[in-house]
1. Quick one: Phe73, Phe286, Phe320, fewest Cβ neighbours within 10 Å first, how do they rank?
2. For Lys252, go through the aspartates and glutamates and keep the ones whose alpha-carbon is under 16 Å away, minus same-chain ones fewer than eight residues off.
3. Specify whether the C-alpha gyration tensor of region 38-88 places it in the rounded, prolate or oblate class, a ≥ b ≥ c being the square roots of the eigenvalues: rounded for a/c under 1.5, otherwise prolate if a/b is larger than b/c and oblate if not.
4. Extension gain Ser213-Leu153, at 0.36 nm per residue separation less the Cα-Cα distance, in nm?
5. Name the residue, out of Ile38, Ile69, Ile167, whose mean-square fluctuation peaks in a Gaussian network model built on the chain with Cα pairs under 10 Å.
6. Report, to the nearest 10°, how far helix 349-360 tilts away from the longest principal axis of the Cα atoms in the chain, using its own Cα long axis and a range of 0 to 90°.
7. Based on the mean of other Cβ atoms within 10 Å per residue, sort peptides 217-223, 351-357 so the most packed one is first.
8. Provide the packing ranking of 48-60, 301-313, 330-342, i.e. peptides ordered by the mean count of other C-beta atoms within 10 Å per residue, highest first.
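What follows is calculated from the coordinates using simple rules that are stated; it is not laboratory data. Everything numeric here is computed off the predicted structure, so don't read it as measured data. In this analysis, Cβ positions are derived from the backbone assuming ideal geometry, glycine residues included, and neighbour counts consider all displayed protein chains.
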Amino acid sequence: MNIKTDKIYIFHEYGDKGHYRALDWFANSHENLKIKYIEFSITRKLIKSFIKLDVNLFVKQFINLSFIIDSIFSRNKIIIVGIAPYDWRLIFYYPFLRKNKYYYHTSNTSWRYKYPKKILAETDISKSSWRKFINNSNGVFCATNKTAKEISLYYNVSEISIVNHSIVSSYFLNGIATPYSKKLKTINCLFVGRLTECKGLKLIFNLIDRLSSDNFTFSFVGKGNMEEEVREYIANNKNCVFYGYIKNQDLKAIYDKADILLAPSIKTDSWEELFGMSIIESMACFTVPIATNHSGPSEIINSGFSGFLFSEKNYVQNSFEILQNFSNNISGLIEIKNNAYNESIKYSVENVFKKWNQVLKLEMNEAL
């Protein structure tokens, strides 16, 4: 049964609209539907607004707080909740969420009760709140298949839909894959992401040291605690350039210049690469991703067809061999660039919205 509603509330900590691009696209096609973003991390920001005399920040927190108060007394709001596993604040939010029509949205791939910096996570009241919250939800949206499998081990979920992040429509060539045929003199490699050790920057440095500077260029985009180290390395390598941090809306021009995306993420005890936006965005620009075989990239990349997946241990050697091969076989590179583009279309807002709507069951205009 399809449902009608005039508002969908996204209730999470930071209000990142990029994760809900497909829902925004649908709302823009239906003038009577609005997507409202509500942040639940209120107290700290409210204090900050007083200290800095930030009127806009204060007003935003007032709106957030008003939503929570109103939801205590209302019923049947459609709310999509994005909250980290076992966040203790759910103890206070679940009582009003259960009165409404709520769904859970998560990308986390581990659902054991051991999380760093999660106070109260292992208390009985927290476990009880989380079990009721997930089991009684109207459905769970998971960013990857691994997330869905993991959460299903611990909870009885009514409905699950694998909802990947989506790419803005402007990345696509009217939805039609035009064969990439640019003649390549050099192969342009790109890194986009946080400049931190877990993103594998040192592996990229090792790779650069092994490749001819006449045949390959390397660009870095991002910010982080390794920025100074990146700048120092680039200063000593003529085939490297650092763009610094670039806003999402301006990244397409960078992707368009690249042939290869390097994504050699390194696992830590509490983190691995989940669903990588830079991977699907680059693929939509005919850029071939070479990533480590973490759970997120492994679900995106068809290794050997639309990109490559290597273990952390073998990443440098295998990437070196692939890039050397491409420098002598440009037609092979162009073939995979076209495959990458075609694979990326599944992440268009139109296609991703269909996955949202498998569970939401919103009424659609006949034209869509």
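1. Numbers: Phe73 8, Phe286 25, Phe320 15.
So the ranking, lowest neighbour count to highest, is Phe73, Phe320, Phe286.
2. Straight-distance partners of Lys252: Glu281.
3. Details: a/c = 2.81, a/b = 1.54, b/c = 1.82.
Oblate.
4. Extra length available between Ser213 and Leu153 comes to 16.7 nm.
5. Ile69
6. 30 degrees
7. My ranking of the peptides, most packed first, is 217-223, 351-357.
8. The densest-packed peptide leads the list: 330-342, 301-313, 48-60.
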